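Down below is the structure, laid out as structure tokens.
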Amino acid sequence: MSNRKIEDLRKKIDEIDEKLVESTYERARFVLEVGDIKKTEKLEFSFSSREREILERLAARNKGPFPQDTLRAVYREILSSSLSLERPLTLRISGPAPRSPTWPECSSSPCRPIPAVESIRDVFVEVEHGRFDYGVCP
């Protein structure tokens, strides 16, 4: 009896997973449209205020059982992936590119170009001025 119940529950979970995947595809299509509009109209690709707005709205709707931090982590991944659809991610590395220990992993990354800055502080200045996105190379 319990094995049958588990199978039934797993089937329902699988159906929900299918709906989630479809929903992420649908979301991605809208994100691509937003990116096209921004590109065509030469609008800024600023994202931090929109990300904050989305995360706050979703946190307010969270009734559990996932903790807020878990929901936030899941959506940060979705939002980060969505932003990379709107426009290619640009990363900065600290130090001269060829001598940086991170250069070998990043130089073949799909998130190029990777201009170097002089220091870690400069990386934060670049972020603050919206000149590149946060993230790491895969």
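Among the residues here, Ile54 does not qualify as part of a helix (DSSP H, G or I) and exposed (fewer than 11 other Cβ atoms within 10 Å of the Cβ). On the basis of being at pLDDT below 85 and either in contact with a Lys or Arg (Cβ under 7 Å, 6 or more places away or on another chain) or part of a loop (DSSP other than H, G, I, E, B) (or both), does Glu44 make the cut? So Glu44 fits the description; yes. If Asn3 satisfies all but one of (1) more than 18 Å from Arg87 (Cα to Cα); (2) assigned to a loop (DSSP other than H, G, I, E, B), what's the number of the condition it fails? Of everything listed in (1) more than 18 Å from Arg87 (Cα to Cα); (2) assigned to a loop (DSSP other than H, G, I, E, B), Asn3 misses just condition (2). State yes or no: is Ser48 assigned by TED's automatic domain parsing to the domain that holds Val21 and closer than 19 Å to Val21 by Cα? No: the conditions fail for Ser48. Sub-8 Å Cβ pairs linking a first residue in segment 18-38 that is under 17 Å from Leu79 (Cβ atoms) to a second residue that is of a type in the set (Lys, Arg) and not in a helix (DSSP H, G or I), at least 6 apart or interchain, are Gly35/Arg87; Lys38/Arg87, ordered by first then second residue.
The values are calculated or read from the model by the stated rules, or taken from the named source; none is laboratory data. What you are looking at is a predicted structure, and each value in this text was computed from that prediction instead of being measured. With ideal geometry, Cβ positions are generated from the backbone for all residues, glycine too; neighbour counts draw on all protein chains shown.
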